[in-house]
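The values are calculated or read from the model by the stated rules, or taken from the named source; none is laboratory data. All figures in this text were calculated on a predicted structure; none of them were measured in a lab. Here Cβ is always computed from backbone atoms with ideal geometry, including for glycine, and neighbour counts include all displayed protein chains.
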Amino acid sequence: MNGWVWVGLAGAVGLALGLSTGRAQTSPKGDLALGESVYKEICFSCHGQKGDGKGPSWLNTMPRPQVFINSNYMTRLTDQYLFEVVKYGKLAVIKRERKEGAPFQPLAMPSFGHLFDDAEIRELIAFERAFRTGAPQAPKWREIFEDACATCHGKEGRGDGPRASPQQPAPAGFVSEVQPAPADYHDSLFMDRFSNDYLLALVKYGRMGATERAGFDTMQPYGHVLSDDEMWGVVRYIRETFVNARRP
């Protein structure tokens, strides 16, 4: 969901760049060799040498680290969003505290604890996980999902609703208009990163509250450690080594 967007909601770099057309990003900003060096020194600890989100520290965080080899989800994220998350940390980006001028739309999963109690939220979580497992979905939650969640996540839970892609049906390989891209509930590499306890906190408190109230983890800032050149290099290394290499 993170509205619902799991990573968490949780736009694109801008209409002027033509990213809303569903075409893949092509800008090779950043030094690839520099990015590889930084990634293998720092980023691998959580995200893994292979970009599989299973570095030496991966079990120490919830949500689990982003899986860069998940091209289905990663192609929906803009390079500018990735850069700013590394520089400022995810919470600062979704809280719109970022200092960059790039025109993308940060959108965080809102809170729904005022509408549903914990037991109902767990029912909703089961409904959303059922998109992948094929388990029965209660009509009650189908109606609520289509009314409140489908605008971001799509009626079939693929993260391709009109907030994510104004062009409907969403084209293959689209870049999301809101960042982070809404969750695709069919995507096991994405959804397996989240425990049910985390998802309950996410729905109950929203993405910011899941960290600030419930104590769940989020990407921390590295702008005080790395230069802009180093961070752009990391973004390019991730994009070219893990994402683009696995695209169909």
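Is it true that some residue in the stretch 93-107 is aromatic (Phe, Trp, Tyr) and either closer than 22 Å to Leu32 by Cβ or modelled with pLDDT under 95 (or both)?
Filtering the stretch 93-107 down to residues aromatic (Phe, Trp, Tyr) leaves 104.
Restricting the remaining residues to those that are either closer than 22 Å to Leu32 by Cβ or modelled with pLDDT under 95 (or both) gives 104.
Yes: one or more hits.
In the stretch 150-248, which helices (runs of 4 or more DSSP H) lie fully inside it and hold 1 or more residues that are under 15 Å from the mean Cα position of the chain (by Cα) and not β-branched (Val, Ile, Thr)?
Details: elements: 150-153, 188-191, 196-212, 228-237.
Ranges flagged: 150-153, 188-191, 196-212.
Is it the case, given these coordinates, that Arg96 is part of a loop (DSSP other than H, G, I, E, B) and either surrounded by fewer than 19 Cβ atoms within 10 Å (Cβ to Cβ) or among the hydroxyl-bearing types (Ser, Thr, Tyr) (or both)?
Details: part of a loop (DSSP other than H, G, I, E, B): yes; either surrounded by fewer than 19 Cβ atoms within 10 Å (Cβ to Cβ) or among the hydroxyl-bearing types (Ser, Thr, Tyr) (or both): yes.
Against the criterion (part of a loop (DSSP other than H, G, I, E, B) and either surrounded by fewer than 19 Cβ atoms within 10 Å (Cβ to Cβ) or among the hydroxyl-bearing types (Ser, Thr, Tyr) (or both)), Arg96 qualifies.
Take Leu82 and tell me if it is in a helix (DSSP H, G or I), under 23 Å from Phe216 (Cα atoms), among the aliphatic types (A, V, I, L, M) and at pLDDT 95 or above.
Working: in a helix (DSSP H, G or I): yes; under 23 Å from Phe216 (Cα atoms): yes; among the aliphatic types (A, V, I, L, M): yes; at pLDDT 95 or above: yes.
Against the criterion (in a helix (DSSP H, G or I), under 23 Å from Phe216 (Cα atoms), among the aliphatic types (A, V, I, L, M) and at pLDDT 95 or above), Leu82 qualifies.
Might you check whether a residue that is assigned to a helix (DSSP H, G or I), surrounded by 15 or more Cβ atoms within 10 Å (Cβ to Cβ) and among the hydroxyl-bearing types (Ser, Thr, Tyr) occurs anywhere in the stretch 110-123?
Looking through the stretch 110-123, none of the residues is assigned to a helix (DSSP H, G or I), surrounded by 15 or more Cβ atoms within 10 Å (Cβ to Cβ) and among the hydroxyl-bearing types (Ser, Thr, Tyr).
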